[in-house]
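Below is one structure, written out as structure tokens; the observations come after it.
The values are calculated or read from the model by the stated rules, or taken from the named source; none is laboratory data. A quick note: this is a predicted structure, and the numbers were derived from the prediction, not measured. Because the Cβ atoms are built from the backbone with ideal geometry, glycine has one as well, and the counts that use them run over all protein chains shown. Only protein heavy atoms, including side chains, enter the accessible area calculation; ligands, DNA and RNA are left aside. Shrake-Rupley method; radii C 1.70, N 1.55, O 1.52, S 1.80 Å.
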Amino acid sequence: MNSRRDVLKMSVPLAMAGAGVAMWDAMLGRAMAATPAAGTAPGDAATPLPYFHPSNFFDGNQWVLPKLPYAHADLEPHIDTATMELHHGKHHQAYVTNGNAALKAMSELGAEADGRVVESLQRDLSFNLGGHALHSLFWGTMGRPGTDGVGGAPFGRAGELISKAFGSYDRFKTYFTKVAVSVKGSGWAALVYSPVSGQIYTQAIKDQDGQQTSGAMPILLVDVWEHAYYLKYQNRRRDYVEAFYNLIDWRAVNLLLGA
Ligand code: MN3
């Protein structure tokens with residue numbers, strides 16, 4: 001028979017598996033399956049490791065801030081350098097640091113921990129690991145403007161699915177912009193893929209909470225927290241979202257679709 005301590009130690013990871021973490025692993029699995037074996041280390045220019053390799057997000061021991069497939073200045077003029085430095089270097093880093101701390105706290109919880117402590121820890125895990133997953137995907141589905149496959153119309157599997165679901169790319173953009181602009185306060189607009197139905201659809205995510213997302217997997221995301229655009233766009237969220245379309249790397253979106 002399990003002691004109360006054993007039961008507590010088991011139940012927390014099981015609850016976590018129901019949050020965004022399972023979705024994140026499933027998504028990476030698809031990207032990895034479609035990624036040719038190559039490279040040695042992230043950032044090695046001679047043999048670049050594909051961005052979506054798991055070692056770019058988890059070093060075998062703890063979660064890490066991913067190295068981007070471009071420089072902070074490369075998304076100009078659509079996303080400015082100062083915003084990228086703060087957003088990737090400070091905000092995202094904080095979610096990684098706090099997510100690792102929450103996992104450590106979870107592993108150290110004793111039988112004396114009450115439900116409120118567990119509830120608070122679950123919120124910490126969901127918020128910080130959710131933030132890590134969403135930002136990691138957001139960076140990975142953008143590219144330097146002018147690069148082949150970046151900023152134009154979708155092609156391949158992504159193009160087919162968008163035409164089927166929305167009629168055309170222009171109709172998709174109109175709808176997706178409305179989703180992003182209508183998020184109240186902080187959050188994200190996501191285009192998600194359901195492996196069960198083969199459908200894609202849009203999802204508005206409140207804050208960055210992994211537990212608020214369904215089993216469908218994000219394949220394209222835009223962060224609409226004010227920290228993502230306020231330095232350059234102030235209150236003009238719509239202008240920021242419209243500029244974002246110039247940065248979408250459809251090769252990466254197809255990679256997430258396993259195509
Ligand atoms: Mn953000």
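The table below lists the values:
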read-out: Exclusive hit being closer than 23 Å to residue 240 by Cβ and either aliphatic (A, V, I, L, M) or not assigned by TED's automatic domain parsing to the domain that holds residue 86 (or both), set 165, 216, 180; value: 180
read-out: Given (1) within 16 Å of the chain's Cα centre (by Cα); (2) away from the ligand (no atom under 16 Å from the Cβ); (3) open to solvent by 10 Å² or more (accessible area, probe 1.4 Å), number of the condition residue 186 does not satisfy; value: (2)
read-out: Residue among 229, 201 that alone is under 27 Å from residue 74 (Cα atoms) and either among the polar types (S, T, N, Q) or in the same structural domain as residue 246 (by TED's automatic domain parsing) (or both); value: 229
read-out: Subset of the stretch 63-85 (residues that are under 28 Å from residue 125 (Cβ atoms) and in contact with a Leu (Cβ under 8 Å, 6 or more places away or on another chain)); value: 63, 83, 84
read-out: Restricting the stretch 98-109 to residues that are open to solvent by 20 Å² or more (accessible area, probe 1.4 Å) and touching a strand residue (DSSP E or B) at 6+ places or on another chain (Cβ under 9 Å), the residue that is nearest to the ligand (Cβ to nearest atom); value: 100
read-out: Qualifying positions in the stretch 122-147 - open to solvent by 20 Å² or more (accessible area, probe 1.4 Å) and either in contact (Cβ under 8 Å) with a residue 40 or more places away in the chain or of a type outside the set (Asp, Glu) (or both); value: 122, 123, 127, 144, 145, 146, 147
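Residue-wise test of (1) away from the ligand (no atom under 13 Å from the Cβ); (2) farther than 20 Å from residue 136 by Cα.
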| position | (1), (2) |
| --- | --- |
| 203 | yes, no |
| 225 | no, no |
| 228 | no, no |
| 233 | yes, yes |
| 240 | no, no |
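Yes/no matrix, rows are residues, columns are (1) open to solvent by less than 30 Å² (accessible area, probe 1.4 Å); (2) touching a strand residue (DSSP E or B) at 6+ places or on another chain (Cβ under 7 Å); (3) modelled with pLDDT of 95 or more; (4) within 16 Å of the ligand (Cβ to nearest atom):
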| position | (1), (2), (3), (4) |
| --- | --- |
| 164 | no, no, yes, no |
| 178 | no, no, yes, no |
| 254 | yes, no, no, no |
| 258 | no, no, no, no |
